[in-house]
1. Which of the residues that make up segment 65-92 are touching a helix residue (DSSP H, G or I) at 6+ places or on another chain (Cβ under 7 Å) and within 11 Å of Tyr124 (Cβ to Cβ)?
2. Considering only segment 105-135, state which residues are open to solvent by 40 Å² or more (accessible area, probe 1.4 Å), more than 17 Å from Ala11 (Cβ to Cβ) and in a helix (DSSP H, G or I).
3. Where the second residue is basic (Lys, Arg) and surrounded by fewer than 19 Cβ atoms within 10 Å (Cβ to Cβ) and the first is closer than 17 Å to Pro75 by Cα and lies in segment 13-40, which pairs have Cβ atoms under 6 Å and are six or more apart or on separate chains?
4. As an exercise: evaluate Tyr118 against (1) modelled with pLDDT under 95; (2) under 18 Å from the mean Cα position of the chain (by Cα) and give the number of the one condition it does not meet.
5. What do you reckon, is Thr57 among the hydroxyl-bearing types (Ser, Thr, Tyr) and closer than 17 Å to Glu25 by Cα?
6. If you go through segment 80-91, how many residues are more than 12 Å from the chain's Cα centre (by Cα) and open to solvent by less than 50 Å² (accessible area, probe 1.4 Å)?
7. Quick check on segment 93-104. Is at least one of its residues under 17 Å from Asp121 (Cβ atoms), open to solvent by less than 80 Å² (accessible area, probe 1.4 Å) and assigned to a helix (DSSP H, G or I)?
8. Basic (Lys, Arg) and in contact (Cβ under 8 Å) with a residue 12 or more places away in the chain, is that true of Arg143?
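The values are calculated or read from the model by the stated rules, or taken from the named source; none is laboratory data. Everything numeric here is computed off the predicted structure, so don't read it as measured data. Glycine also receives a Cβ, built like all others from the backbone with ideal geometry; neighbour counts cover every protein chain displayed. Areas reflect the complete protein model, heavy atoms only, side chains present, ligands, DNA and RNA absent. Shrake-Rupley method; radii C 1.70, N 1.55, O 1.52, S 1.80 Å.
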Amino acid sequence: MLNRIKFPTWAPLPLRLIVGFGFIEHGYAKLLNRPENFASILHALGVPAPHLMAWLTILTELLGGFAVLLGAFVPLVSLPMAAVLLVAMFSVHWRYGFSSIKLLAVTPAGAKFGPPGYECDLLYLACLVALVLAGSGPLSIDRLFSRKH
């Protein structure tokens, strides 16, 4: 049986990997699909200064995701990352309810899903909170430069 007492210090590592990769993936997708297109979406949502906000969001997702992946400055980068999640949650996902998976149909072409709810936003927020409270864990830049390790 896995001894839970020996391994809690390693718990932040999988959180960092999935949160970091997830944010990088979202930022990279926005970059590939052209920031101007994302700015158009933000404009349609009524976000002020949509071009500036598009770039700030993309940079937050890419740089913040990379920092979390490395375990560098996690408490600092978590603030703008949480802001991005909260804006997405309340401006886009809230109206679709909690569940992120809304199976509409299964066709020969594959599954068809409806718009996602705010579940994933909350999961990412919970992971960021856990990383801020518990620390970045082993194999992190934060641990390398901390006095406690």
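1. Residues satisfying the conditions are Gly65, Val68, Ser78, Met81, Ala82, Val84, Leu85, Ala88, Met89.
2. Those that are open to solvent by 40 Å² or more (accessible area, probe 1.4 Å), more than 17 Å from Ala11 (Cβ to Cβ) and in a helix (DSSP H, G or I): Glu119, Cys120, Leu122.
3. none
4. Going through (1) modelled with pLDDT under 95; (2) under 18 Å from the mean Cα position of the chain (by Cα) one by one, Tyr118 breaks only (1).
5. yes
6. Adding up the residues that qualify gives 1.
7. Yes, segment 93-104 has at least one match.
8. It is true that Arg143 is basic (Lys, Arg) and in contact (Cβ under 8 Å) with a residue 12 or more places away in the chain.
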